[in-house]
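Asks: I am attaching a structure below and will ask some questions about it afterwards.
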């Protein structure tokens, strides 16, 4: 039993193909994690990296508290069940199960006990003398599970173990594996391309596509709150209906306008997390609704469609239909207007019927038409707040506050501008106040809906804030984007300072030994790093690492100004950025510019900065990859 | 003129098939006669037992295809005869060949299967370049390297060693088996069909690569082991050039059968009256190989066709 930590794991093949990109997850002890996605999404590669059957290009893999990146598969204390079962054909079932234990020099008596116990659990006691070829697919699958079971591993890895079984057996084995997980109380990682398996078995699911993690969440959260259109379409059978639409706010309703002119009204309160810029009727939005969240009637309400096919599955039915064109005619021209409805009783519905589909307003989904990311994130990415300039002040949310010098410089002479405020940049303070209309628990955060006229400002608040309170707050100005007429004029300052540099090694004599030392070189600043980091970079890029350029990222708070007696990077202060609550100096050094935090009185024109190597993250500049 | 249309005469399918089969069998028959005649001739010659009117044995090539008399005299003469000053020479040659073949068979089979396993199941940087190199080298006939091998062996005293002529046998075994690993392609094809998941599963079960090879791969590779052993075993029985060069013309005691039989007719002391004994020798040499092929042909076919179709 153990927890697992995958931290920024990458798999890059020699030809440059990235099979897995920046995979990070903390897996708790006894969790049942399912990796799901279409072929080629990197799910099996990730599992094989955990097993030790594939090398990890970059990133850290910890089982328990042990870094296992370079550990042999046999020493990782894991067991794996393969898609093809991988039973040794020349050995009996007993020998198959005992083989791994014998290799570990376990006493024969204990081996027998373990094999018999596993055989009993899996009900294969009668087949122990048989060879795999004399067994059915289901029995072989049990033996494969048994072989993993006898090892009593910390982590079970299962690579599409049910994909070779027929549908009935698959359903039965699904239940058995879930029961096995419950009885063993061990961490399970299960790979499948079948979303039904993922939904029914996993405590958490990792949805992957083209090597990227799309979303990590519980089955029901994936179903109810998909992060993007891919997850929405992948989870759920039949898949979610998608339509190209625009949205227009009308009072307390948002009108969804379909391409053919059909309209559906949704209460604003149900979709209040959608940013106002999508509600003007001029931005394309993908509207998503699951087939089971549509009700059908023969009366004239909702989306008019013609039934093209009815699949009666016994307990329920799937109705396939086609929306009409803008004249209400049903033609074969446009393939983007298919609709699928799942319903219990379809006895009075026939092909050719004209029906009306009404989406359940509380179950609708909206996605940005270009990025395909949901417009209803659990925590909205940002609020847009209008501000008016008057002298050295600005008025926003009905309050007049000081206009930070950085904002003033960025907006030029404009008298109005917009602040793009992430909820995390709203902190308790005295600048603004709004009434808390609602509080929603989102994972470990509390999201407050702050009433601002007829819409909301979203903020993350502490436990003491209650619904109905007046919440007093301020902005962390450096974390805001500033736009004028929708055009970005000032970007939020991120938490990291990024500097380009090279990597070097020196062999130094220490006593009788010659010891390798590794350095991050940025201009004349040579910062020694630990041998572990040095060898890690060397193992990823080989000896080319001494020729390549790397991006060194340091948390801004970890960058300190030092005196001439300490090693550091000499720079010239070219400007100051005053955000009111915080002040930055723009430093030019080694041909690169970066911001450092300085106190309000700092006025020097030259500066020497330094940081510790353990605060540095190293990124490859050839491919988008964090190395260490 | 009758209004009734006469059905057009068409050749039946079975008739076409019969004609096609007839032609095929005729061609195959002629080809098999061409191939079998030399074989039959050798076998008939081996059992030819004819005498001159003066009572001397006719051991030469004769104009009559079928012997006028049959007998085993050629075989008795062959086994008891003294050739090139060596008593019971043929038996000694047979024994030499058997020893060389068995040792070569063991070494070559192990080398070929090991290399094939590495090429099929291990992933390492120079794998592909090595396979390409092996294929290109394999395109050249083996005897191209003969002179180099001769001088290499001579420099370490394993050929042309007047004090220890028997070392030439070791030299010959080395020459046969040292390069065997390059002929890994067929065995690799067989191993490629064994799922990688088995190897990976064994790795998770705590096996080293050698243990995987020994405990997992070899038990599943019976056909290819037999095929490879057969190939390695028959090599020395059939090879003439290397045996002739490495053992040398003077060490008749250590010749292999092919060199010995050749020398009976075309060597330094050729004797045309030994032709029928030569033929008997050919028949004797063929017996172990034919027997092995007959008993192991099932595995041989499995081995040689392994990897041809996905199993």
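Condition check ((1) assigned by TED's automatic domain parsing to the domain that holds residue A:466; (2) more than 24 Å from residue A:578 (Cβ to Cβ); (3) touching a residue at least 12 places away in the same chain (Cβ under 8 Å); (4) assigned to a strand (DSSP E or B)) across all residues:
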{"position": "A:407", "(1), (2), (3), (4)": "yes, no, yes, no"}
{"position": "A:410", "(1), (2), (3), (4)": "yes, no, yes, no"}
{"position": "A:414", "(1), (2), (3), (4)": "yes, no, yes, no"}
{"position": "A:420", "(1), (2), (3), (4)": "yes, no, yes, yes"}
{"position": "A:430", "(1), (2), (3), (4)": "yes, no, yes, yes"}
{"position": "A:433", "(1), (2), (3), (4)": "yes, yes, yes, yes"}
{"position": "A:436", "(1), (2), (3), (4)": "yes, yes, yes, yes"}
{"position": "A:441", "(1), (2), (3), (4)": "yes, yes, no, yes"}
{"position": "A:447", "(1), (2), (3), (4)": "yes, yes, yes, yes"}
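Asks: Among B:129, B:162, which is assigned to a helix (DSSP H, G or I) and more than 18 Å from the chain's Cα centre (by Cα)?
Replies: The unique qualifying residue is B:129.
Asks: Taking the criterion of being over 30 Å from residue B:149 (Cβ atoms), in contact with a strand residue (DSSP E or B) (Cβ under 7 Å, 6 or more places away or on another chain), modelled with pLDDT of 90 or more and within 13 Å of chain A (Cβ to nearest Cβ), would at least one residue in the range B:182-199 satisfy it?
Replies: Taking every residue of the range B:182-199 in turn, none turns out to be over 30 Å from residue B:149 (Cβ atoms), in contact with a strand residue (DSSP E or B) (Cβ under 7 Å, 6 or more places away or on another chain), modelled with pLDDT of 90 or more and within 13 Å of chain A (Cβ to nearest Cβ).
Asks: Of all residues being more than 7 Å from every other protein chain (Cβ to nearest Cβ) and crowded, with 19+ Cβ neighbours inside 10 Å in the range A:100-113, which is nearest to the chain's Cα centre (by Cα)? Just the residue, please.
Replies: A:101
Asks: Only one of B:212, B:284, B:225, B:216 is closer than 29 Å to residue A:101 by Cβ and under 23 Å from the mean Cα position of the chain (by Cα); which?
Replies: Going through B:212, B:284, B:225, B:216 in turn, the sole match is B:225.
Asks: Let me ask another. Hey, does the range B:52-60 have a residue that's out of contact with any strand residue (DSSP E or B) (no Cβ under 6 Å at 6 or more places or on another chain), part of a helix (DSSP H, G or I), under 12 Å from residue B:279 (Cα atoms) and not assigned by TED's automatic domain parsing to the domain that holds residue B:286?
Replies: No; the residues of the range B:52-60 include none that is out of contact with any strand residue (DSSP E or B) (no Cβ under 6 Å at 6 or more places or on another chain), part of a helix (DSSP H, G or I), under 12 Å from residue B:279 (Cα atoms) and not assigned by TED's automatic domain parsing to the domain that holds residue B:286.
Asks: Of the numbered conditions (1) over 30 Å from residue A:85 (Cβ atoms); (2) assigned to a helix (DSSP H, G or I); (3) within 14 Å of chain A (Cβ to nearest Cβ), residue B:176 satisfies every one except a single condition; which is it?
Replies: Residue B:176 satisfies every listed condition except (3).
Asks: Filter the helices (runs of 4 or more DSSP H) completely within the range A:122-207 down to those with at least 3 residues that are touching a residue at least 24 places away in the same chain (Cβ under 8 Å) and over 26 Å from residue A:20 (Cα atoms).
Replies: A:137-149, A:167-184
Asks: I'd like to check something: does the range A:40-58 contain any residue that is farther than 13 Å from residue A:206 by Cα, more than 14 Å from chain B (Cβ to nearest Cβ) and part of a strand (DSSP E or B)?
Replies: yes
Asks: Considering the range A:466-496 alone, what residues qualify as being at negative phi, assigned to a loop (DSSP other than H, G, I, E, B) and over 31 Å from the mean Cα position of the chain (by Cα)?
Replies: A:469
Asks: Among the residues of the range A:594-628, how many are surrounded by 13 or more Cβ atoms within 10 Å (Cβ to Cβ) and in a strand (DSSP E or B)?
Replies: Result for the range A:594-628: 16.
Asks: Let me ask another. Looking at B:170, B:241, B:156, B:247 in this structure, which one is under 21 Å from the mean Cα position of the chain (by Cα), more than 30 Å from residue B:119 (Cα to Cα) and either surrounded by fewer than 22 Cβ atoms within 10 Å (Cβ to Cβ) or within 14 Å of chain A (Cβ to nearest Cβ) (or both)?
Replies: Only one candidate passes the filter, namely B:241.
Asks: Got a number for residues in the range A:77-99 being touching a helix residue (DSSP H, G or I) at 6+ places or on another chain (Cβ under 7 Å) and either at the interface with another protein chain (Cβ under 9 Å from one of its Cβ atoms) or not in a helix (DSSP H, G or I) (or both)?
Replies: Total meeting the criteria: 13.
Asks: Given (1) under 16 Å from the mean Cα position of the chain (by Cα); (2) within 14 Å of chain B (Cβ to nearest Cβ), identify the lone condition not met by residue A:9.
Replies: For residue A:9, the failing item is (2).
Asks: OK, next. Which number in (1) more than 14 Å from every other protein chain (Cβ to nearest Cβ); (2) surrounded by fewer than 21 Cβ atoms within 10 Å (Cβ to Cβ) marks the one condition that residue A:72 misses?
Replies: Condition not satisfied by residue A:72: (1).
Asks: If the requirement is being closer than 23 Å to residue A:183 by Cα, touching a residue at least 12 places away in the same chain (Cβ under 8 Å) and surrounded by 21 or more Cβ atoms within 10 Å (Cβ to Cβ), which of these qualifies: A:23, A:35?
Replies: Result of the check over A:23, A:35: A:35.
Asks: In this structure, does residue B:225 turn out to be within 30 Å of residue B:149 (Cα to Cα), at pLDDT 90 or above and touching a helix residue (DSSP H, G or I) at 6+ places or on another chain (Cβ under 8 Å)?
Replies: Considered against the rule, which asks whether it is within 30 Å of residue B:149 (Cα to Cα), at pLDDT 90 or above and touching a helix residue (DSSP H, G or I) at 6+ places or on another chain (Cβ under 8 Å), residue B:225 comes out as yes.
Asks: In this structure, is residue B:16 out of contact with any helix residue (DSSP H, G or I) (no Cβ under 7 Å at 6 or more places or on another chain) and either at pLDDT below 85 or within 17 Å of residue B:279 (Cα to Cα) (or both)?
Replies: In short, no.
Asks: To continue, here is another question. Would you be able to say whether some residue in the range A:147-159 is within 14 Å of residue B:205 (Cα to Cα) and either away from chain B (no Cβ under 14 Å) or surrounded by fewer than 21 Cβ atoms within 10 Å (Cβ to Cβ) (or both)?
Replies: Yes, the conditions are met somewhere in the range A:147-159.
Asks: Given the conditions (1) closer than 25 Å to residue B:194 by Cβ; (2) more than 13 Å from chain B (Cβ to nearest Cβ); (3) surrounded by fewer than 16 Cβ atoms within 10 Å (Cβ to Cβ), which single one is not true for residue A:120?
Replies: Checking residue A:120 against (1) closer than 25 Å to residue B:194 by Cβ; (2) more than 13 Å from chain B (Cβ to nearest Cβ); (3) surrounded by fewer than 16 Cβ atoms within 10 Å (Cβ to Cβ), the one that fails is (1).
Asks: Looking only at residues that are in contact (Cβ under 8 Å) with a residue 60 or more places away in the chain and surrounded by fewer than 18 Cβ atoms within 10 Å (Cβ to Cβ) in the range A:497-528, which one is nearest to the chain's Cα centre (by Cα)?
Replies: Looking at the filtered set, the residue picked out is A:498.
Asks: Still on this structure, please answer the following. Considering every residue within the range B:125-133, establish whether at least one is within 14 Å of chain A (Cβ to nearest Cβ) and under 30 Å from residue A:90 (Cβ atoms).
Replies: yes
The values are calculated or read from the model by the stated rules, or taken from the named source; none is laboratory data. Predicted model, so just to flag it, every value in this text is computed and none were measured. With ideal geometry, Cβ positions are generated from the backbone for all residues, glycine too; neighbour counts draw on all protein chains shown.
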